[in-house]
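K.L.:
Let me give you the structure first, and then I'll get to my questions.
The values are calculated or read from the model by the stated rules, or taken from the named source; none is laboratory data. None of these values were measured; they are calculated from a predicted model. Because the Cβ atoms are built from the backbone with ideal geometry, glycine has one as well, and the counts that use them run over all protein chains shown. Note: accessible area is taken over every heavy atom of the protein model, side chains too, but ligands, DNA and RNA are not part of it. Shrake-Rupley method; radii C 1.70, N 1.55, O 1.52, S 1.80 Å.
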Amino acid sequence: MSSNELVVAKKTIATFTAAKQVNQDAWMTMWCNTNWGDLLQPAPLSIALLGSILVIASSTDDFSLLTERNPNDTSPAVTWEFAKHPDSFKSCLQQMVADGSQAFESSHINMTRIRDASGQIPEAVSSAVMLTLQATPNEVEMILPHQIKNVLQLAWTCQDAAQACETTFGNISGLAQEMVLACTHKVGTDQEKIEANKIHLEVLRIQKEQEALAVQQAQENHEMMKKSFQQVETDFHDAVRDVPKGWDLVGMQAVESLTSLVVAAGNTAISASTLRSQALQAGLGAFKNSSIGGGKEGAGQVSVPPNPPSTAPNGVATQNNAAALSDPGLQQARRALDMANTINQLINGGPDGHPDWDKIRGEDGGTNGGEYVKASLEKMKSRLDPTKPISVNLDVYIGTAIEVISSIIDTAKSPGGSPTALDAQKPKVEKLISDLQQLVTSTNLLLQQTGAAPVGPATPPAPQGEMSSSTVKIAVENAKFAVDQTRENLKASRDAFDKVSTRLAEGQKSITKTIGEMTAISLSNASLEKILPVLRKAVGAFTTLRAQFSQLVQFFHSVASLLTDVMEPSVERWADTLESSMKLGGVSIGAFTRHLRQMIYTQLMVPMKVSMLSQKISNAYLNVSDQHILPAQRNIGQMLQFATDDTPARAAKLRKAHEVLQKSSTTASQEISALVKAEHEKFSETINQRLGVIEGNVKSIPAIAAPAPDHVKQITAAHVQDFDAGQTAHSKNNTMFDPEDVM
């Protein structure tokens, strides 16, 4: 295999890894993980629930939520945080209806703000990107801060709008939870009231703990993001200084992996946006498990439902989780794989596939040659956190790599060098590379990225000089791994989205059935026993909506944090570096400045990708809102008027309006199912077309066109399985899908 084949392979890969294509790939993988259907699915049920609650409020006897405390009750007193008029149960129910109706109206307004503001972000980012790639250092220092501020203002607008939505739905969910407790009080004995109070307070405590933990986790993630961006500048400086002379392939790998590290740091911020919504869903699960939420857990037993364990062969969970997203190993796995590949080149990259003793020994026995690899591995190992899941695996792998390279260095101390002297190390290195490829696949899935480094100003050309056939073969295999990551991760996104679509369709059927059952609730048969399942479903529906809006809040909070805490303070330093004409370790500043420009560009892609997601989400929501939610709100308004009507015709008017509302809610639920199906087909087709382009481009290079190895496919297959298990558990723990009939 000649060096020309490596050049052809790199050029071919560049044809489908342009920055725009890589960003589109990332958007597709992220879109699957946003649980976007959860923003649409609860709306028809929520509207129907509000109508039924109003019917019940109009037909049940009123009572006060402010009951005298039993002298035997030593638990803390329950405070009515969300009920404005706790002296009247009926007033509280009417408050739910009025506030719920207003929440959907204001959400439409705020989602319009998000759509409009996020729609302006791509143009603002494009201007900053062009400046970054083409401008002089002085222009960067003068203009870039203003362009960053433009993007920041748009991000703040989106964040504020999403926060308003989250707060509104959080209040309604909290009120519904209080109404569940109120019903339990009214129909229960004194002892049951005491028990219900304890459980209610325990559920609230768990929910607040989960939300506080999410805030802490988001802060930890943000700190790691800042540290990662700062660290990559230092690492690139060290790489261009320390990579031994003549190690062109190693230098190329270093630049590619450091570029990928910048991408990973940005994607970590986006991936962490789901942590708060996960906390809210965990709190909802605690409510459902409790006896007041319809479960079996009493006081002292209420707990957060556990997440399904990972089925991945390496044990690393690829669903978003705080421990992994704040793990420094997340950023080190790719560099560790590069070092393992470098060891492979040292023992197999010499003449006729034998050890390359000259490179192993280096020039002066210092940090050149094998010592460079060992020092790099030891630096990586020192950065790991033994309490985090990825670091635990990576610590073992890097430890193995250090043992192997140390043995190689010791063997190389003998004069000459037998062609078979390192044969015992070859199976160890092969296993090490396989293990690290699995781990990198896991980290790419966690970060919702394909793993391909976008082509940009820092992309190094393939080495042009003469190389041994074995060295070229190893380099082509490394290039194939990047292609495998793109192909297999896109397939995993497609297959996971298939599962999401199936789950949404099944959930929508359950919701449609529930809406139909609620139509049978009338003024004559309404009772407190019948309202309990209705209110429990309301807690689930409104908490689900709140969780989705919280995700939008976190999306733009991450963008704002990146811009204010990382990019703005760095502009002056970047400009100074770009202007410098000094030499860095014998390597022209040109290499470093190209990397620096690409790093700035990569950071700017974070708000770009978030805006793409937000545009898609807001357009989908507004489409449903225009067609179904806002028209239904007018029916709710009419019902509110009828509820206060004292004329004999009140009952007939309210019943008719209720029937119209439930019918329109059923239609909305069915049409959302059709929308989900159409979106699923479009999404799958988009990914299939993208895969077709990749396959078509590489088919002339058999070494790259070959299928991905089984150890990579095992990780992506487990990801799809675990994703489905997680979504199934999420639905099971949501009272919105409670199988309990409302009749």
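K.L.:
Within the bounds of region 412-426, is there any residue that is in contact with an Asp or Glu (Cβ under 6 Å, 6 or more places away or on another chain), surrounded by 21 or more Cβ atoms within 10 Å (Cβ to Cβ) and among the hydrophobic types (A, V, I, L, M, F, W, C)?
P.N.:
No; the residues of region 412-426 include none that is in contact with an Asp or Glu (Cβ under 6 Å, 6 or more places away or on another chain), surrounded by 21 or more Cβ atoms within 10 Å (Cβ to Cβ) and among the hydrophobic types (A, V, I, L, M, F, W, C).
K.L.:
Please tell me if Q615 is farther than 15 Å from V97 by Cβ and open to solvent by 30 Å² or more (accessible area, probe 1.4 Å). Walk me through it before giving the result.
P.N.:
Values: farther than 15 Å from V97 by Cβ: yes; open to solvent by 30 Å² or more (accessible area, probe 1.4 Å): yes.
Yes: the conditions hold for Q615.
K.L.:
Test L213 against the stated conditions and say whether it is assigned to a helix (DSSP H, G or I) and surrounded by 18 or more Cβ atoms within 10 Å (Cβ to Cβ).
P.N.:
no
K.L.:
Just one of the numbered conditions (1) of a type in the set (V, I, T); (2) touching an Asp or Glu at 6+ places or on another chain (Cβ under 6 Å); (3) at pLDDT 90 or above is not true of I398; which one?
P.N.:
With (1) of a type in the set (V, I, T); (2) touching an Asp or Glu at 6+ places or on another chain (Cβ under 6 Å); (3) at pLDDT 90 or above applied to I398, the lone miss is (2).
K.L.:
Mind telling me which of the residues K374, K381, K413 ends up being farther than 20 Å from L337 by Cβ and among the charged types (D, E, K, R)?
P.N.:
K413
K.L.:
Then there's this: Please state which of the following conditions D722 fails to meet, knowing it meets all the rest: (1) more than 18 Å from F16 (Cβ to Cβ); (2) modelled with pLDDT of 90 or more; (3) surrounded by fewer than 19 Cβ atoms within 10 Å (Cβ to Cβ); (4) not β-branched (V, I, T).
P.N.:
The single condition D722 does not satisfy is (3).
K.L.:
Specify which of the listed residues (T136, T132, T112) is under 24 Å from the mean Cα position of the chain (by Cα) and either of a type in the set (D, E) or over 30 Å from H185 (Cα atoms) (or both).
P.N.:
Values: T136 fails: under 24 Å from the mean Cα position of the chain (by Cα); T132 fails: under 24 Å from the mean Cα position of the chain (by Cα).
Step by step, each of T136, T132, T112 is checked, and only T112 is under 24 Å from the mean Cα position of the chain (by Cα) and either of a type in the set (D, E) or over 30 Å from H185 (Cα atoms) (or both).
K.L.:
Among the numbered criteria (1) assigned to a helix (DSSP H, G or I); (2) touching an Asp or Glu at 6+ places or on another chain (Cβ under 6 Å); (3) modelled with pLDDT under 70, which single criterion is violated by E529?
P.N.:
Against the list (1) assigned to a helix (DSSP H, G or I); (2) touching an Asp or Glu at 6+ places or on another chain (Cβ under 6 Å); (3) modelled with pLDDT under 70, E529 comes up short only on (2).
Conditions (1) without any contact (Cβ under 8 Å) to a residue 24 or more places away in the chain; (2) farther than 18 Å from M605 by Cβ; (3) of a type in the set (G, A, S), marked per residue:
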| site | (1), (2), (3) |
| --- | --- |
| D99 | no, yes, no |
| S106 | no, yes, yes |
| I114 | no, yes, no |
| A124 | no, no, yes |
| I143 | yes, yes, no |
| N150 | no, no, no |
| Q153 | yes, yes, no |
| T168 | no, yes, no |
| L175 | no, yes, no |
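K.L.:
Helices (runs of 4 or more DSSP H) wholly in region 640-736 with at least 3 residues that are closer than 30 Å to K10 by Cα and more than 26 Å from the chain's Cα centre (by Cα) - which ones? Give the steps one after another, and end with the answer.
P.N.:
Working: elements: 650-698, 702-705, 710-732.
In region 640-736, the matching helices (runs of 4 or more DSSP H) lie at 650-698, 702-705.
K.L.:
Right, next: When you check S64 against the structure, is it in a helix (DSSP H, G or I) and either small (G, A, S) or in contact with a Cys (Cβ under 7 Å, 6 or more places away or on another chain) (or both), yes or no?
P.N.:
The answer is no for S64.
K.L.:
I need every pair where a residue in region 596-610 that is buried (at least 24 other Cβ atoms within 10 Å of the Cβ) has its Cβ under 8 Å from the Cβ of a residue that is not in a helix (DSSP H, G or I), sequence separation at least 6 or different chains.
P.N.:
Q598/G456; Q598/P457; Q598/A458; Q598/T459; M599/A458; T602/P454; T602/G456
K.L.:
While we're on this one: Does F169 satisfy the condition of being closer than 16 Å to M96 by Cβ and open to solvent by less than 40 Å² (accessible area, probe 1.4 Å)? Steps first, please.
P.N.:
Details: closer than 16 Å to M96 by Cβ: yes; open to solvent by less than 40 Å² (accessible area, probe 1.4 Å): yes.
In short, yes.
K.L.:
Only one residue in V22, V7 is part of a helix (DSSP H, G or I), touching a Pro at 6+ places or on another chain (Cβ under 6 Å) and at pLDDT 80 or above, so which one is that? If you could, list the steps in order and put the result at the bottom.
P.N.:
On the way: V7 fails: touching a Pro at 6+ places or on another chain (Cβ under 6 Å).
None of the other options fit; the residue is V22.
K.L.:
Moving to a separate point now. Of everything in region 103-118, what is touching a Ser or Thr at 6+ places or on another chain (Cβ under 7 Å) and open to solvent by 10 Å² or more (accessible area, probe 1.4 Å)? Give them in sequence order.
P.N.:
Once the filter is applied, which keeps residues that are touching a Ser or Thr at 6+ places or on another chain (Cβ under 7 Å) and open to solvent by 10 Å² or more (accessible area, probe 1.4 Å), region 103-118 yields S106, H108, R113, R115.
K.L.:
Would you pick out the residues in region 304-360 that are hydrophobic (A, V, I, L, M, F, W, C) and not in a helix (DSSP H, G or I)?
P.N.:
V304, A312, V316, A317
K.L.:
Do we find that Y372 is of a type in the set (F, W, Y) and more than 20 Å from S468 (Cβ to Cβ) in this structure?
P.N.:
No; evaluated as a whole, the condition is false for this residue.
Rundown of residues vs (1) under 30 Å from N478 (Cβ atoms); (2) open to solvent by 90 Å² or more (accessible area, probe 1.4 Å); (3) touching a residue at least 24 places away in the same chain (Cβ under 8 Å); (4) charged (D, E, K, R), yes/no style:
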| residue | (1), (2), (3), (4) |
| --- | --- |
| S669 | no, no, yes, no |
| Q689 | yes, yes, no, no |
| A703 | yes, no, yes, no |
| V712 | yes, no, yes, no |
| I715 | yes, no, yes, no |
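K.L.:
I'm trying to understand the selection: among the residues of region 37-67, which are open to solvent by 10 Å² or more (accessible area, probe 1.4 Å) and either within 26 Å of N734 (Cβ to Cβ) or in contact (Cβ under 8 Å) with a residue 24 or more places away in the chain (or both)?
P.N.:
S58, S59, T60, D62, F63, S64, T67
K.L.:
Which condition from (1) modelled with pLDDT under 85; (2) in contact with a Lys or Arg (Cβ under 7 Å, 6 or more places away or on another chain) is the one that E679 breaks?
P.N.:
(2)
K.L.:
While we're here: Would you tally the residues in region 372-393 being within 25 Å of D238 (Cβ to Cβ), part of a helix (DSSP H, G or I) and open to solvent by 60 Å² or more (accessible area, probe 1.4 Å)?
P.N.:
4
K.L.:
Looking at region 394-411 only, could you name the residues that are of a type in the set (V, I, T) and open to solvent by 60 Å² or more (accessible area, probe 1.4 Å)?
P.N.:
Selection gives V396 alone.
K.L.:
Inspect all residues belonging to region 571-578 and state whether any of them is at pLDDT 80 or above and surrounded by 15 or more Cβ atoms within 10 Å (Cβ to Cβ).
P.N.:
yes
K.L.:
Same structure, new question: List the residue pairs whose Cβ atoms are under 7 Å apart, where the first residue sits in region 283-302 and is closer than 10 Å to V203 by Cα, the second is open to solvent by less than 40 Å² (accessible area, probe 1.4 Å) and part of a strand (DSSP E or B), and the two are 6 or more positions apart or on different chains.
P.N.:
Short answer, once both residue conditions are applied: V302/S290.
K.L.:
Okay, moving on. Would a scan of region 137-150 turn up a residue that is part of a helix (DSSP H, G or I), touching a Lys or Arg at 6+ places or on another chain (Cβ under 7 Å) and β-branched (V, I, T)?
P.N.:
no
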